[in-house]
Protein chains: 2
Amino acid sequence: MPQKITLKKISKDLKVSVSTVSKALRDSHEISIETRDRIKNYAKKFNYKPNSIALSLKNQKTKKIGVIIPEIVHYFFATVISGVERVANKKGYQVIITLSGESFDKEVVNMEMLANGSIDGFIMSLSKETMEKQDFHHLREVTNQGMPIVMFDRVCNDIPCDKVVIDDVAAGHEAAEFLLRKGRNKLGIISTVDYVNVGRLRSQGFKEALQQRGFDVENHQFLKIEDIDNCEDAIEDFVLENDFDSLVAVNELFAVTASKALQKAGKNIPKDVAIVAFTDGILSKYASPTLTTIGQQGEEMGGIAAAKLIEKLESKHLDNESYETVIVKTSLVERESTP
Amino acid sequence: MPQKITLKKISKDLKVSVSTVSKALRDSHEISIETRDRIKNYAKKFNYKPNSIALSLKNQKTKKIGVIIPEIVHYFFATVISGVERVANKKGYQVIITLSGESFDKEVVNMEMLANGSIDGFIMSLSKETMEKQDFHHLREVTNQGMPIVMFDRVCNDIPCDKVVIDDVAAGHEAAEFLLRKGRNKLGIISTVDYVNVGRLRSQGFKEALQQRGFDVENHQFLKIEDIDNCEDAIEDFVLENDFDSLVAVNELFAVTASKALQKAGKNIPKDVAIVAFTDGILSKYASPTLTTIGQQGEEMGGIAAAKLIEKLESKHLDNESYETVIVKTSLVERESTP
DNA sequence: ATATTCTACGAAAACGTTTTCGATACTCGT
DNA sequence: ACGAGTATCGAAAACGTTTTCGTAGAATAT
């Protein structure tokens, strides 16, 4: 038996008006106890649930939040989603997810699709291509329409919105400082190309830490990976041609690739080369040896982003035009790859 | 400047009726070319986009599909989502994701929230708790209302719907057979508790392969993990107390845990013990040694599930009451953990 | 000149709610 | 018995669309 049950159907069956049914179900004192019960029993019997589309249209809010991320098969982003979903659900919101696949065009299209009333606000991390182009017109259009955005991780400063990030410079600093304190003095870093903020900023912190300790910073200490899917050869060359006693990698993948290349060449981790990675994901926990990492707290970031967005949504009346940038603390977890 | 632009606003500004605006934008011949152009220019200038909520209400379809999975920080499920999103997007659908967290109650709640008009159909994989309770009333309620469901991986047979699975029995068989052909004859399997279908079925295929080759199947060859988060001790005991020359694990995590325990005990992989895992994820590719796995083709499963659901949605008129179970081929990829 | 067909537009219903505003009939106080 | 108050309900608008139908005037045909 198909047939969704609606107020109208109930009203017809029970020979009362639609408004009476609506009021009865919301326990209005305008309706007599007897009719109230009659209607509520009928509704329960046929498992009536108000149609959320109709409610959205009436209330001009959907109780849904849109998330746009570059990739989902990616530990960090998956944890962020998990955090977003957790707090959104707790507050009665649902989460619509779209993937940009690191493509600017797809990011724009997805954003337009969602901005037409489907959602109340955005949580997003920019695609690589968007970062490269520095074209943010689609974001501006959305904010101009009064729809709030919360950005995380890969953010831009041209758009008025809340942001949730980690202090990448400080984290890069911490990674280098950690190794220096362990007595290492020939450090290398494997990073991404510069237009990816997180890579650039972590490298910058790394460099600062070295300079503060009076080290000269040489070019050969920096490897910038262009194509993350084909990084093995570049990393292998980098770690073998230079005589490092320690390495920082801006993600797990670079770290474990370096680790394996070094072990293949007969080096011992951490005795010969110590390694600190970013993103405390599953690889770090299960690699051999396990990797010391600086966690990005994706779950926490997602939760904070969702909380901030919902806060903005529900205080919309008082034109809250102040924006905040939350900096989430990183946490270094020591494992076998450092002494 | 906030203010969403609507048909009504355009009609007021241009001093025509709402219906005229609607028709003009859809290029109806009922409207003269001049007014059509006037309206279309105005609409483009103010970047008019039809409100999707209003359309959903009118058309009685949302062009959204709901996905319920147990966890998203999980390689297999993330790849499925990725596949779902890819084909759904291509066909003009959006994806709403909710997580059950392996909890029956949350699965029910999420399902009810989505079933009230938010979406046109479901794609889902059951939570562990649901599998254990064998309580599917929430699924039945949804299908009874005429909303189609496509289930994948963790499915149940009590509900009339399309399904997308891998042939777990055949895959378990293949894993065992592969090791037997390599000359191994002391095989063990690390699986999950029996109410998780995939674990049970893979174990069954494993057992059949051994029996067909004339082996006695002993209890000590089977380990069934209850708590996946604290499996290390159980796995370590299992692999060290028995004298296996090869192991099958129903997921990457069990496999790499076993691998590390064995190596810690001085065994060589694959010389002393060969390992075949399920789920061709990131761990298998980066573990040491890398793991031979039977891939679950999550991306493909997700794509197929989405395609089948959308097909059902768009042929709804002819009461298509036949249901199909698609069996996706697994693919064994050989790596270092087998000789 | 009259009847017919086009052309170009508007009115209204429908989708499922909630809410405001009446409206009816009854009770009560005087 | 009459006005005021109360209890109980219904009509209608609104959210933003699309679509069916109606209609006015103009053009054409007889």
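Given the condition touching a residue at least 24 places away in the same chain (Cβ under 8 Å), under 16 Å from the mean Cα position of the chain (by Cα), part of a loop (DSSP other than H, G, I, E, B) and away from chain B (no Cβ under 14 Å), answer yes or no: does some residue in segment A:189-197 qualify?
Checked segment A:189-197: at least one residue is touching a residue at least 24 places away in the same chain (Cβ under 8 Å), under 16 Å from the mean Cα position of the chain (by Cα), part of a loop (DSSP other than H, G, I, E, B) and away from chain B (no Cβ under 14 Å).
Out of the residues in segment A:24-39 meeting the condition of being of a type in the set (A, V, I, L, M, F, W, C) and closer than 13 Å to A:Ser11 by Cα, tell me which one is farthest from DNA strand D (Cβ to nearest atom). Spell out how you get there, then give the answer.
First, the residues of segment A:24-39 that are of a type in the set (A, V, I, L, M, F, W, C): A:24-25, A:31, A:33, A:39.
Next, only the ones that are closer than 13 Å to A:Ser11 by Cα stay: A:24-25, A:39.
Values: A:Ala24: 8, A:Leu25: 13, A:Ile39: 9 Å.
Residue satisfying both the conditions and the ranking: A:Leu25.
Considering only segment B:42-51, state which residues are more than 9 Å from DNA strand D (Cβ to nearest atom) and at the interface with chain A (Cβ under 10 Å from one of its Cβ atoms).
Passing the criteria: only B:Asn47.
Residues that are under 30 Å from B:Leu14 (Cα atoms): find the helices (runs of 4 or more DSSP H) completely inside segment B:40-135 holding 2 or more of those.
B:52-59
Search segment A:24-34 for residues being in a helix (DSSP H, G or I) and at pLDDT below 95, and hand back the single one that is least open to solvent (accessible area, probe 1.4 Å).
Per the stated criteria, the residue is A:Ile33.
Just to be sure I understand, how many residues within segment A:146-161 are without any contact (Cβ under 8 Å) to a residue 60 or more places away in the chain and loosely packed, with under 15 Cβ neighbours inside 10 Å?
3
Determine the pairs where a residue that is over 20 Å from B:Met113 (Cα atoms), located within segment A:26-49, has a partner that is open to solvent by 70 Å² or more (accessible area, probe 1.4 Å) and within 14 Å of DNA strand D (Cβ to nearest atom) with Cβ atoms under 8 Å apart, the partner being 6 or more residues away or on another chain.
Short answer, once both residue conditions are applied: A:Glu30/A:Lys23; A:Ile31/A:Lys23; A:Arg36/A:Asp27; A:Tyr42/A:Asp13.
Which one of B:Val16, B:Val80 is touching a helix residue (DSSP H, G or I) at 6+ places or on another chain (Cβ under 6 Å) and away from DNA strand D (no atom under 11 Å from the Cβ)?
B:Val80
Which of the residues spanning segment B:202-255 are out of contact with any strand residue (DSSP E or B) (no Cβ under 8 Å at 6 or more places or on another chain) and open to solvent by less than 60 Å² (accessible area, probe 1.4 Å)?
Correct list: B:Gly205, B:Ala209, B:Val217, B:Glu236, B:Leu253.
Within segment B:178-186, is even one residue of a type in the set (A, V, I, L, M) and not assigned by TED's automatic domain parsing to the domain that holds B:Ser315? Give the steps one after another, and end with the answer.
Step one: filter segment B:178-186 for residues of a type in the set (A, V, I, L, M), giving B:179-180.
Restricting the remaining residues to those that are not assigned by TED's automatic domain parsing to the domain that holds B:Ser315 gives B:179-180.
Within segment B:178-186 (the criterion being of a type in the set (A, V, I, L, M) and not assigned by TED's automatic domain parsing to the domain that holds B:Ser315), the answer is yes, since at least one residue qualifies.
Pick out the one residue from A:Ile97, A:Ile39, A:Ile119, A:Ile68 that is modelled with pLDDT of 95 or more, at the interface with another protein chain (Cβ under 10 Å from one of its Cβ atoms) and open to solvent by less than 10 Å² (accessible area, probe 1.4 Å).
Every option except A:Ile119 fails the conditions.
Can you tell me which of (1) facing another protein chain (nearest Cβ under 10 Å); (2) within 16 Å of DNA strand D (Cβ to nearest atom); (3) at pLDDT 95 or above is the one B:Val21 doesn't meet?
(1)
Using the structure shown, decide if B:Val109 is more than 8 Å from chain A (Cβ to nearest Cβ) and touching a residue at least 24 places away in the same chain (Cβ under 8 Å).
Values: more than 8 Å from chain A (Cβ to nearest Cβ): yes; touching a residue at least 24 places away in the same chain (Cβ under 8 Å): no.
When the stated conditions are applied, B:Val109 does not pass them.
Can you pull out the residues in segment A:71-94 that are under 23 Å from A:Ser315 (Cβ atoms), in contact (Cβ under 8 Å) with a residue 40 or more places away in the chain and more than 7 Å from chain B (Cβ to nearest Cβ)?
Across segment A:71-94, the qualifying residues are A:Gly83, A:Val84, A:Arg86, A:Val87, A:Ala88, A:Lys91, A:Tyr93.
Being out of contact with any Phe, Trp or Tyr (no Cβ under 6 Å at 6 or more places or on another chain), within 14 Å of chain A (Cβ to nearest Cβ), within 7 Å of DNA strand D (Cβ to nearest atom) and closer than 24 Å to A:Glu141 by Cα narrows it down to one of B:Leu7, B:Leu57, so name that one.
Sole residue among the options that is out of contact with any Phe, Trp or Tyr (no Cβ under 6 Å at 6 or more places or on another chain), within 14 Å of chain A (Cβ to nearest Cβ), within 7 Å of DNA strand D (Cβ to nearest atom) and closer than 24 Å to A:Glu141 by Cα: B:Leu7.
The values are calculated or read from the model by the stated rules, or taken from the named source; none is laboratory data. Owing to the predicted nature of the structure, the values given are computational and were not obtained by experimental measurement. Heads up, the Cβs are rebuilt from the backbone with ideal geometry, glycines too, and the neighbour counts pull from every protein chain shown. Each accessible area value is taken on the protein alone, full model and side chains, heavy atoms only, with ligands, DNA and RNA left out. Shrake-Rupley method; radii C 1.70, N 1.55, O 1.52, S 1.80 Å.
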